[in-house]
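A.B. asks: Dropping a structure here in structure tokens format, bear with me for questions.
What follows is calculated from the coordinates using simple rules that are stated; it is not laboratory data. What you are looking at is a predicted structure, and each value in this text was computed from that prediction instead of being measured. Reconstructed Cβ throughout: ideal geometry from the backbone, glycine too, with neighbour counts over all protein chains shown.
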Amino acid sequence: MSLDTNFMAQVFKTAIAGVPVTLQIVLVALIVSLPIGFIFALVRIYRVKILSPLVRLYVSFVRGTPLIAQILIIYSAFPSFLATIIGKSAFSIDPINYAYIVFTLNSIATLTEVFRSALQTVDKGQLEAGLMVGMAPRQTFVRVILPQALVSALPNITNATLYLIKNSSLAFIMSVKDITAIAKTQAAFSYNFLEAYLVVWVYYLIIAYAAELLFWFLERYFSRFQRTTTAKSFNWHLFSFKQPTTTVAAVQYDPKKELVNHAHN
Amino acid sequence: MLTIKNLTKSYGPQQILKGIDFQVNQGDVITLIGPSGSGKTTLLRTITTLEKGDGGTIDFAGVQGELAHLSKNDIRTIRQNVGFVFQNYNLFNNKTTLQNVTEGLVVAHKIPKAQAKTIALAALKKVGMADYVAHYPSQLSGGQAQRVGIARAIALKPQVIFFDEPTSALDPELVGEVLKVMRQLAEEGATMVVITHQMNFARNVANKVVFMADGQVVEAGSPADIFDHPQVPRTQQFLAEILSNV
């Protein structure tokens, strides 16, 4: 078996047109779902009446169904539904809009849970300390709790983004001309599927790597208050068994202190 | 200056505070002692509105009312006139030492930033932490963190400072530096209410000792009264246990 490298170079050139499409889907989904996911998380944490169970239902609904099923349902149901309102022109809408809808709805559910768990990691004592220096609960939330929650949310937001990047390849089902779709079409002409898929593979790897790098800088910036003496550095190696550097919790658990506490009580 | 009458508080079916009367006068250094579960911490948290009381009245900083029905304004007034030092410091993890102290001054008390910085530096100097202004809490030892916690409280010039077991989370060798700062504050005339298991502090620094057990004030008086001539058997028993441990 040999690889048709000329064909690969050709696919590499044509598939580049799909990169902006993939990035568009990812960016639109992220930009819309980040604030909504955050608001949903607040709704859950503060147990807002009526809304809280609805959000919970929504999250378990989205998380409990395969993405491909969500895509197929939105893609087959939405145009017909829209057609009953705006008529036949609904069928000529650019399919990328459906991709925006599916991936945004999906990310909202993931990010709701990300923000919810992140907000819960901040110790209640931080709020109490804020109240005891005379700050209002809202001021304490914005100035003390939120910045800390954001730091613990970032690794999971990175994860969600990477999944989003990779999942966006499923947009080809909705005939969106992203990287995957272009490569697939090319391959169908000459049956060089392996070559085309390898190119796709490389493209996603590059995009995911760039995203990881970007989020690493964000994480480093926002967690500067947690940094102790050992500076973290980005793991440049694409493939390595080195564990990702984890952020050390601001207050370290010290069994010795526990013992002292018990001795006193 | 601060008067609490007939304070009651329950968690579910369990009554934690069973009608407490508590008074703090200007310049008082009161230590609260008692076995764990006696309601000392809950008393402090209820007075400072971190917990809502079920019954009883408060008279403090111009607020007079039922603890269970304080208005938002009353709560804010009380909070802006007390200082609180937590057992586990509760420094703002995302703020530097200096920001920890200026935060309340600037945000809550609306003091201009430059002035707040001057006040904060003076408070940090007093607790011996002026060299650590740019450190984050994660870079401080327990003793250092607690001294910043004290600086944060005193910078606000509160009428009363409450200390909830300020040295209980510290390694034994760090307890001294925190107690020294507290003793110095007491000598300067600060009004303090301190929950502590440090009996030497209770005996030598306080002017009043309150012994609590099972949600009630069992006995209160001068350190000499309580430590040398306890009247109530429950107090005698507690002191015998605690002093024999050392």
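A.B. asks: Is it possible to state the helix-based mean residue ellipticity at 222 nm for the protein assembly as shown, with each DSSP H run of 4+ residues giving -39500 (n - 2.57), the sum divided by total residues, to the nearest 500 deg cm²/dmol? What is it?
C.D. replies: -17500 deg cm²/dmol
A.B. asks: Convex hull volume of the Cα atoms in segment B:2-245, per residue, in Å³?
C.D. replies: Taking the convex hull of the Cα positions in segment B:2-245, it is 127 Å³ per residue.
A.B. asks: Do any trypsin sites (Lys or Arg not before Pro) in segment A:94-198 lie in a DSSP loop with no more than 13 other beta carbon atoms within 10 Å, and if so, which?
C.D. replies: In loop regions of segment A:94-198 (DSSP not H, G, I, E or B), there are no sparsely surrounded trypsin sites (Lys or Arg not before Pro).
A.B. asks: A follow-up question, please. If you take every residue apart from A:PHE172 with its C-beta less than 15 Å away from the C-beta of A:PHE172, what net charge results, scoring Lys and Arg +1 and Asp and Glu -1?
C.D. replies: Local net charge: +1.
A.B. asks: Something else: Using the structure shown, list the pairs from B:LYS52/B:LYS117; B:LYS52/B:LYS157; B:LYS9/B:LYS180; B:LYS95/B:LYS180 with a Cα-Cα distance above 27 Å, or answer none.
C.D. replies: The pairs that break the limit, which is 27 Å between Cα atoms, are B:LYS52/B:LYS117; B:LYS9/B:LYS180.
A.B. asks: How are the alpha carbon pair distances in chain A distributed across 5 Å bins from zero to the largest one, expressed in percent?
C.D. replies: Once binned at 5 Å, the Cα pair distances of chain A give 1, 5, 10, 12, 13, 14, 13, 10, 8, 6, 4, 2, 1, 1, 0, 0.
A.B. asks: Next question, about the same structure. If R₀ is 45 angstrom, what is the calculated FRET efficiency for the pair A:SER117 and B:ALA134, using the beta carbon separation as r and rounding to 0.05?
C.D. replies: 0.90
A.B. asks: Test of understanding: ordering B:GLU188, B:GLU51, A:GLU212 by Cβ neighbours within 10 Å, fewest first, what list do you get?
C.D. replies: Going from sparsest to densest Cβ surroundings: B:GLU188, A:GLU212, B:GLU51.
A.B. asks: Please list, in chain and number order, the residues 5+ apart from B:SER168 or on another chain whose amide H is under 5 Å from its amide H, with Hs placed from the backbone.
C.D. replies: Those qualifying (amide H under 5 Å, at least 5 residues apart or on another chain) number zero.
A.B. asks: Among the trypsin sites (Lys or Arg not before Pro) within segment B:9-73, which fall in a DSSP loop and have no more than 16 other Cβ atoms within 10 Å of their own Cβ?
C.D. replies: When the trypsin sites (Lys or Arg not before Pro) of segment B:9-73 are filtered for loop state and at most 16 Cβ neighbours within 10 Å, B:LYS52 remain.
A.B. asks: While we're on this one: In whole Hz, with x marking every Gly and Pro, tabulate ³J(HN,Hα) for segment A:120-136 from phi via Karplus 6.51 cos²θ - 1.76 cosθ + 1.60, θ = phi - 60°.
C.D. replies: 6, 6, 6, 4, 4, x, 5, 5, 4, 4, x, 4, 6, 9, x, 7, 6
A.B. asks: Just to confirm my numbers, what's the Cα centroid distance between segment B:205-246 and segment A:47-65 in Å?
C.D. replies: Each part's Cα centre sits 54 Å from the other's.
A.B. asks: In terms of Cα to Cα distance under 18 Å, which aspartates and glutamates are near enough to A:LYS166, apart from those fewer than 8 places away along the same chain?
C.D. replies: Here the aspartates and glutamates satisfying the reach criterion relative to A:LYS166 are A:ASP178, A:GLU212.
A.B. asks: How about A:LYS177: which aspartates and glutamates have a C-alpha closer than 18 Å to its C-alpha, ignoring those fewer than 8 places off in the same chain?
C.D. replies: A:ASP94
A.B. asks: Relative contact order for segment B:2-245: what percent, with Cα pairs under 8 Å and sequence separation of 6 or more?
C.D. replies: 26
A.B. asks: Provide the FRET efficiency to the nearest 0.05 for the B:LYS18-A:ALA208 pair, computing r from the beta carbons and using R0 = 56 Å.
C.D. replies: According to the calculation, E is roughly 0.35.
A.B. asks: In debye, nearest 20, what is the charge dipole magnitude of segment B:1-122 about its Cα centre with +1 on Lys and Arg Cβ and -1 on Asp and Glu Cβ, if you could check?
C.D. replies: 400
A.B. asks: Sticking with the crude label model, points 7 Å out along Cα→Cβ, report the distance from A:ALA136 to B:ILE75 in nm, one decimal please.
C.D. replies: 1.3
A.B. asks: Please sort by residue number the trypsin sites (Lys or Arg not before Pro) in segment A:1-109 whose DSSP state is loop and whose Cβ has at most 16 other Cβ atoms within 10 Å.
C.D. replies: The qualifying sites are A:ARG47, A:LYS49.
A.B. asks: Something else about it: Give me the aspartates and glutamates in straight-line cross-link reach of B:LYS126: C-alpha distance below 17 Å, same-chain residues under 8 apart excluded.
C.D. replies: B:GLU177, B:GLU187, B:GLU188
A.B. asks: Convex hull over the alpha-carbon atoms of segment A:1-126: what's its volume per residue in Å³?
C.D. replies: Here the figure is 195 Å³ per residue.
A.B. asks: Still on this structure, I have one more. In what order do A:TRP216, A:TRP201, A:TRP236 fall by count of nearby beta-carbon atoms within 10 Å, going from fewest to most?
C.D. replies: A:TRP236, A:TRP201, A:TRP216
A.B. asks: Let me ask something else. Using a Gaussian network model of chain A whose springs link C-alpha atoms within less than 10 Å, name the residue from A:THR65, A:THR185, A:THR112 with the highest mean-square fluctuation.
C.D. replies: Top of the fluctuation ranking is A:THR65.
A.B. asks: Quickly work out the A:ALA9-to-A:THR84 label distance, labels modelled 7 Å from Cα along the C-beta direction, and quote it in nm with one decimal.
C.D. replies: According to this spin-label approximation, the distance is 5.5 nm.
A.B. asks: What number in nm² do you get for the protein assembly as shown if you take the convex hull of its Cα atoms and divide its surface by four?
C.D. replies: 31.8
A.B. asks: Hey, any idea what Rg/Rh is for segment A:74-179, computing Rh the Kirkwood way over Cα pairs?
C.D. replies: Using only Cα positions, Rg/Rh for segment A:74-179 is 1.22.
A.B. asks: Please order B:MET129, A:MET132 by the number of other Cβ within 10 Å, starting at the fewest.
C.D. replies: Ranked by crowding around the Cβ, least crowded first: B:MET129, A:MET132.
A.B. asks: While we're looking at this one, here's another question. In whole Å, what is the distance between the alpha-carbon centres of segment A:94-166 and segment B:3-62?
C.D. replies: So the two Cα centres are separated by 37 Å.
A.B. asks: Sticking with this one: Based on the Cβ-Cβ distance of B:GLN237 and B:ASN6, what FRET efficiency does E = 1/(1 + (r/R0)^6) give at R0 = 25 Å, to the nearest 0.05?
C.D. replies: Efficiency for this residue pair is about 0.45.
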